[in-house]
Structure formats: C-alpha cells, structure tokens
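Some notes on the structure that comes next.
Every read-out reported here was derived from the displayed coordinates using simple, explicitly stated rules and does not represent laboratory data. As the structure is a computational prediction, the values presented were derived from the model and not from experiment. Here Cβ is always computed from backbone atoms with ideal geometry, including for glycine, and neighbour counts include all displayed protein chains.
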Amino acid sequence: AYLGQRAGHQTIRDAILDEKVRAVVQGAMEESGAVLIKRYGFEADKHAAYIQKILGRFENPYLKDDVERVGRQPLRKLSAGDRLIKPTLGTLEYNLPNTHLVTGIAAAMHYHSEQDPQAQELAEMLSRLGPQATLAQISGLDANSDLVAAVVKAWNAA
C-alpha cells in the first residue's frame, strides 16, 4: 500500500502490477520469510510458494483494495511489534539482508491520508521532529542505530 501510494497507484492490484513495487514487496516478503525460516525452521521452498500465492492474491482483479484504506494506521504498523519493524529486527538478529523492508518502512513514513488520524499525526511528527526522531519514537528503535540511519536515507531518497 505504501509503495503503491508513493508510485501514484489507487489500488493494491495496480501497485503489485508495477514491476518496481512488486520487486520491493516480494523482496520484503523474502527478507521477513528468511527470519521465519531461521527462527522456526520453515521450509524455504514452501515459504517461497506461499509468497507467490500472496502475490497472486494481490493481483486479483475482483478485489478492489484501495491503497489508502490498506495503508491506514501507519503509527500502529510502524510500531515495534507489527508488520514492518518486527521482521526487520529479526533480520538484524540473524544478520540477514533487510534492504526491501527498509524501503517499505520509509514508504510507510511517507503515507498520507486526509481520512486517517494516524496519518495526520505521523505528518505532524515528521514536520516537528524530522524522520530520525519520528521513527525512533514510533518504533522504539534507537535513533542513532544503523537501521534508523538506513530508513532515513531511504526516506530522503523517496
């Protein structure tokens, strides 16, 4: 959703059909999957098949998921125990790549929506504190960590 919105797409399907967005989404799923494989012994080939199944669902023309709706609540989704930061911390724990997850975190920090109070709060925090302190406050990450620096670099480049 976040990458799709940054690329100007209205729906999840349109976003996933964008080769650049798809590459980052698939890469992030593979990076987070690598953590699951290490931590829980998931079978790599079965997890790869699962990723393809999910990507196929995103392509479903009968599902009209709007990127703005799916992206709602960015503060929750950027918290330590949720879908972006938690797997990224796992990549650090196991010394695994996380470039695509970092790109997704940066895209989430750019999320905007007039209908979402959390998006409004995120925008206000970014304006007041800047990306480094905002991410640290929302996620609980150390503001001076290499991970926060990588996200801020990706945020600035987006």
For semi-axes √(5λ) of the Cα gyration tensor in Å the list reads (1) 24, 21, 12; (2) 46, 16, 14; (3) 28, 18, 14; the calculated value is entry (1)
Once phi for every residue in the range 145-158 is put through the Karplus expression 6.51 cos²θ - 1.76 cosθ + 1.60 (θ = phi - 60°), the whole-Hz ³J(HN,Hα) values, with Gly and Pro written as x, are 6, 4, 5, 4, 4, 5, 5, 4, 4, 5, 4, 5, 7, 6
Any lysines whose Cα falls less than 19 Å from that of K64, other than same-chain ones fewer than 8 residues away, would be K53
Taking alpha-carbon centroids only, the range 84-158 lies from the range 17-56 a number of Å equal to 21 Å
Given backbone amide H placed at 1.01 Å from N, residues whose amide H is under 5 Å from that of F42, ignoring those fewer than 5 places away on the same chain, are I37
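In nm, what is the difference between 0.36 nm times the number of residues separating A133 and R57 and their Cα-Cα distance?
Answer, rounded to one decimal: 23.8 nm.
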Expected vector for the range 22-27, Karplus 3J(HN,Hα) from phi with 6.51, -1.76, 1.60 and θ = phi - 60°, integer Hz, x for Gly and Pro, equals 4, 4, 6, 4, 4, x
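At R0 = 25 Å, how high is the FRET efficiency between R39 and S79 if r is their beta carbon distance? Nearest 0.05 is fine.
For R39 and S79, the calculated efficiency is 0.80.
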Counting sequence-distant residues (5 or more places) and residues on other chains, those with an amide H built under 5 Å from that of D82 are none
Most packed first (mean Cβ within 10 Å per residue), the peptides 36-44, 21-29 order as 21-29, 36-44
Using eta = 0.890 mPa s and T = 25 °C, Stokes-Einstein with Kirkwood Rh from Cα pairs puts D for the range 1-84, in µm² s⁻¹, at 179 µm²/s
Between A149 and Q26, Cβ-based FRET efficiency (R0 30 Å, step 0.05) works out to 0.75
Length gained, Q120-K64, 0.36 nm per residue minus C-alpha separation, equals 17.7 nm
